[in-house]
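The values are calculated or read from the model by the stated rules, or taken from the named source; none is laboratory data. Because the structure is a prediction, the values reported are computed rather than measured. Here the Cβ positions follow ideal geometry from the backbone for every residue, glycine too, while neighbour counts run over all protein chains shown.
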Amino acid sequence: MLVTVDTGTGKAVRIQGDPGHAITQGFLCAKVTRYLERVNHPARLTQPLRRVGAKGAGEFERVTWDEALDGIAGRLKQAAAEYGSESILPYSYAGTMGLIQSAGMDRRFFHRLGASRLHRSICAEAGTVGLNNAQGTRLAPAPEHFVHAKLIVAWGANILATNVHLWPFIVEARRRGARLVVIDPVRTKVAALADVHLAPYPGSDLALALGMVHVIVRDGLTDGDYIERYTEGFESLAELAAKYTPERTAELTGVAAEDVEALAREYATARPAVIRLNYGVQRSERGGRAVQAIAALPAITGAWRELGGGLQLSTSAAFDFNRAALERPDLQLVALGREARLLNMSQIGKVLTKTSDPPVKAIVVYNSNPAAIAPNQRLVHEGFAREDLFTVVMDHFVTDTARFADYVLPATMFLEHDDLYLAYGHYHLQLALKASEPPEGCRANADVFSELARRMGFTEPCFEDGTEQMVRALLDSGSPHLEGITWERLVAEHSIRLNVPERPFAEGGFRTATGRANVSGAELGYVPPVESRLGAMAGEYRLELVSSKSADTLNSSFGHREDTDAQTSVVEIHPDDARARGITDGQTVEVYNGRGAVRLTAAVGDYTRPGVVRAPMVRWGVNVNRLISDRFTDLGEGPAFYNCLVEVRACGG
Ligand SMILES: Nc1nc2c(c(=O)[nH]1)N[C@H]1C(S)=C(S)[C@@H](COP(=O)(O)OP(=O)(O)OC[C@H]3O[C@@H](n4cnc5c(=O)[nH]c(N)nc54)[C@H](O)[C@@H]3O)O[C@H]1N2
Ligand SMILES: Nc1nc2c(c(=O)[nH]1)N[C@H]1C(S)=C(S)[C@@H](COP(=O)(O)OP(=O)(O)OC[C@H]3O[C@@H](n4cnc5c(=O)[nH]c(N)nc54)[C@H](O)[C@@H]3O)O[C@H]1N2
Ligand SMILES: [Mo]
């Protein structure tokens, strides 16, 4: 990104994509193009606030930074003294993905404090565990190499909304003759532009993958040499897949038998073939194993052999930093003499209302807005409304969570502080030093945690570290991917591509215990999700709700904008389902189930397959997370956001 700064005021006046960057190619996504509106928004927080009204009422008075930090340090000391340091919990996720402001001084602070650790499972955990089970690591074809592919399968990947910088490479591949297949229960923009769109029911991908394996094995389209040399467990996979005939797969997934056949044959014969798997698939009760099964496809067909072939879910494992040097988990030993307990962010409602020994008495929220984004929202709000819970929120606006806070601290935005960024869809490591001046009164997360450390009496020199020391510590891992990448080079070049193999698994090289891709079918049998039309809870609520990302927002981060609210207050419903319920386009409807109800505006059209409704996530306030359970995924204990049964009814009047 290029930032133009007014030298008089120090303020950013223009941001644009860097035309010289291999991935950005001169354009920004829809939400970031307008980011300066966010920087200069009149509702932006510029002074610390302290609660004066009832919990959750959002009534505050302004205080100085010293008053706020002294007050917070005092309350944290009190909680630690009365209930033990593990009564304190950090809660953070991906508001910024910069390592310094999201996994640096904050982690050091909470480790030294002996606070409970947070299992950061809200986004990608099931997929990460599934992919690691299959490959032992997460390396992938680079986006630049998608141009070589002749078949691109976008599997639960809403590329034109969430991953727009991959799109030019797909356009180029198609210009050279590639076909694009989209597998998504929702007719996204990318699905509408694809050569083929297959719409399985949510959470049925594991069955679809097994149906593909069935056809590939039956028709002799496997790469026997690759299987022999570089995989393990193929026999058990073939045995399991034998039961997933195209007809049975069709019953389980809603994808027609002939489409399963055609997809499997095209996938196994097109070369190079690449699967862009994104995180939509794994937000599901069988999502972790679905990822594991999908990852078997490029192994049994040898798709990894060609440049631009294979599977991309994430490229993040290539950024193998010395995370311990940044995060300093060893400081827990100083505080506790052991590792602190781990609490799962995906069940924060339960954590705040049911944890004992000790209960959570203080929570510090930054880079996240749990009151909006976490499932089982009713319980989440009940937890944050506890009078005896001391809550600090660091953010840019008074978010849903900030309304529950005892102290709200105004944070800098990414143009206004230093950070180092990894990526999960490409291989460029990027250093972005502070470009513009923050409003007076805003402070970077790292600075706040340094200040708090001082007030808590922590004397370790690491709390004095600046950006340079932290980046140097991270780079010092000995990884070949980072070889030759130095602080000096990052300062001079800003963006440096890692040294990663072009065809990561062309000749095996998996990081499993045996070094082989694990394609075993042992754990891959398909049971429909409890909350799905074929599952144990099917019945009263007959529609399956997908609350996926919207193009113009970033989770709840733009909730302060009215146009965002309009975009995220919609539920898309198929004309057949609308007609059956007497619902017309533009009507206010209630989406409900046993957990609660949300009022939204019906958008009637062929946005989804019949039986599936979609709500772009997530608006501030009461939102679809009221309707969503905090049941865990099969792997990694993440949330099964996209398995949710609901009904929709027209509101009177
Ligand atoms: N514009 C924008 N970009 C974003 C974000 C954002 O909020 N807005 N969020 C960022 C974040 S945090 C993340 S994790 C990534 C996520 O990026 P993606 O994984 O691409 O986004 P999702 O919306 O979670 O899911 C992708 C697609 O999966 C589909 N889907 C849902 N359930 C299933 C299923 O069971 N099977 C299949 N095959 N498909 C299914 C959805 O309909 C959706 O179109 O995007 C990042 N980028
Ligand atoms: N129903 C449903 N719920 C979902 C999902 C879904 O698909 N459907 N997706 C889930 C996924 S994949 C994810 S990743 C989570 C995302 O959940 P969160 O990580 O909570 O994402 P946001 O809602 O965008 O909240 C990030 C907050 O961080 C703040 N922020 C940004 N930069 C900074 C900074 O530098 N300092 C500080 N202090 N604050 C900053 C922003 O202003 C914003 O309020 O949501 C999950 N929730
Ligand atoms: Mo995410």
Positions within segment 443-474 being surrounded by 20 or more Cβ atoms within 10 Å (Cβ to Cβ) and part of a loop (DSSP other than H, G, I, E, B), in sequence order = 444, 465
Kindly state which helices (runs of 4 or more DSSP H) lie completely within segment 194-307 and contain at least 3 residues that are in contact with a strand residue (DSSP E or B) (Cβ under 8 Å, 6 or more places away or on another chain) and either farther than 29 Å from residue 175 by Cα or of a type in the set (Val, Ile, Thr) (or both).
-> 287-300
Residue that is farthest from ligand 3 (Cβ to nearest atom) [pool: residues in segment 372-419 that are of a type in the set (Val, Ile, Thr) and touching a Pro at 6+ places or on another chain (Cβ under 8 Å)] = 408
In segment 544-570, anything among the hydrophobic types (A, V, I, L, M, F, W, C) and touching a Pro at 6+ places or on another chain (Cβ under 9 Å) is listed as 545, 546, 551, 570
Within segment 334-346, of all residues that are surrounded by 14 or more Cβ atoms within 10 Å (Cβ to Cβ) and in contact with a strand residue (DSSP E or B) (Cβ under 8 Å, 6 or more places away or on another chain), the one farthest from residue 370 (Cα to Cα) is 340
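Yes/no per residue for (1) without any contact (Cβ under 8 Å) to a residue 24 or more places away in the chain; (2) within 19 Å of residue 254 (Cβ to Cβ); (3) of a type in the set (A, V, I, L, M, F, W, C); (4) away from ligand 2 (no atom under 12 Å from the Cβ):
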residue: 581; (1), (2), (3), (4): no, no, no, yes
residue: 590; (1), (2), (3), (4): no, no, no, yes
residue: 604; (1), (2), (3), (4): no, no, yes, yes
residue: 608; (1), (2), (3), (4): no, yes, no, yes
residue: 620; (1), (2), (3), (4): no, no, yes, no
residue: 631; (1), (2), (3), (4): no, no, no, yes
residue: 634; (1), (2), (3), (4): no, no, no, yes
residue: 638; (1), (2), (3), (4): no, no, no, no
residue: 642; (1), (2), (3), (4): no, yes, no, no
Scope segment 91-132; condition within 20 Å of residue 157 (Cα to Cα), away from ligand 2 (no atom under 15 Å from the Cβ) and among the aliphatic types (A, V, I, L, M); matching residues | 129, 131
Scanning segment 560-580 residue by residue, those surrounded by 16 or more Cβ atoms within 10 Å (Cβ to Cβ) and either in the same structural domain as residue 379 (by TED's automatic domain parsing) or of a type outside the set (Ser, Thr, Tyr) (or both) turn out to be 560, 561, 567, 570, 571, 572, 573, 574, 577, 578
Of the residues in segment 487-504 that are hydrophobic (A, V, I, L, M, F, W, C) and in contact with a Leu (Cβ under 8 Å, 6 or more places away or on another chain), the one that is nearest to residue 466 (Cα to Cα) is 487
Considering each residue of segment 76-95, count those that are surrounded by 23 or more Cβ atoms within 10 Å (Cβ to Cβ) and within 16 Å of ligand 3 (Cβ to nearest atom), and give that number.
-> 3
Residue identified as touching a His at 6+ places or on another chain (Cβ under 7 Å) and within 18 Å of residue 156 (Cα to Cα) among 253, 315 = 315
Among the candidates 173, 154, which residue alone is assigned to a helix (DSSP H, G or I), crowded, with 23+ Cβ neighbours inside 10 Å and either within 14 Å of ligand 1 (Cβ to nearest atom) or among the small types (Gly, Ala, Ser) (or both)?
-> 173
Restricted to segment 350-402, and to residues that are in contact with a Phe, Trp or Tyr (Cβ under 8 Å, 6 or more places away or on another chain) and free of Cβ contacts under 8 Å to residues at least 60 places away in the same chain, which residue is nearest to residue 98 (Cα to Cα)?
-> 394
In contact with a helix residue (DSSP H, G or I) (Cβ under 8 Å, 6 or more places away or on another chain), part of a helix (DSSP H, G or I) and at pLDDT 95 or above - does that describe any residue in segment 179-191?
-> yes
Do you know which residues across segment 207-246 are farther than 18 Å from residue 505 by Cβ, touching a Ser or Thr at 6+ places or on another chain (Cβ under 6 Å) and either exposed (fewer than 15 other Cβ atoms within 10 Å of the Cβ) or small (Gly, Ala, Ser) (or both)?
-> 207, 211, 236
Those residues of segment 488-517 which are in a loop (DSSP other than H, G, I, E, B), in contact with a strand residue (DSSP E or B) (Cβ under 8 Å, 6 or more places away or on another chain) and of a type in the set (Lys, Arg), in sequence order = 503, 516
Within segment 58-125, which helices (runs of 4 or more DSSP H) (wholly inside it) include 1 or more residues that are in contact with a helix residue (DSSP H, G or I) (Cβ under 8 Å, 6 or more places away or on another chain) and within 16 Å of ligand 1 (Cβ to nearest atom)?
-> 99-103
Single condition residue 427 does not satisfy, out of (1) surrounded by fewer than 24 Cβ atoms within 10 Å (Cβ to Cβ); (2) in the same structural domain as residue 468 (by TED's automatic domain parsing); (3) in contact (Cβ under 8 Å) with a residue 12 or more places away in the chain | (2)
For segment 608-635 the number of residues that are within 16 Å of ligand 3 (Cβ to nearest atom) and in contact with a Ser or Thr (Cβ under 6 Å, 6 or more places away or on another chain) is 4
Within segment 572-603, track down each residue that is within 15 Å of residue 651 (Cβ to Cβ) and over 28 Å from the mean Cα position of the chain (by Cα).
-> 578, 581, 582, 583, 584, 585, 586, 587, 588, 589
Name the one entry in 572, 483, 502 that is within 16 Å of ligand 2 (Cβ to nearest atom) and modelled with pLDDT of 95 or more.
-> 572
Search segment 9-36 for residues being part of a helix (DSSP H, G or I) and within 16 Å of ligand 1 (Cβ to nearest atom), and hand back the single one that is farthest from residue 396 (Cα to Cα).
-> 30
Return yes or no: is residue 165 crowded, with 20+ Cβ neighbours inside 10 Å, under 23 Å from the mean Cα position of the chain (by Cα) and either more than 16 Å from ligand 1 (Cβ to nearest atom) or in a helix (DSSP H, G or I) (or both)?
-> yes
Return yes when residue 73 is away from ligand 2 (no atom under 16 Å from the Cβ), surrounded by fewer than 18 Cβ atoms within 10 Å (Cβ to Cβ) and over 25 Å from the mean Cα position of the chain (by Cα) and no when it is not.
-> yes
Assess whether residue 368 counts as being part of a loop (DSSP other than H, G, I, E, B) and among the hydroxyl-bearing types (Ser, Thr, Tyr).
-> yes
If you go through segment 402-426 one residue at a time, how many are within 8 Å of ligand 2 (Cβ to nearest atom) and assigned to a loop (DSSP other than H, G, I, E, B)?
-> 3
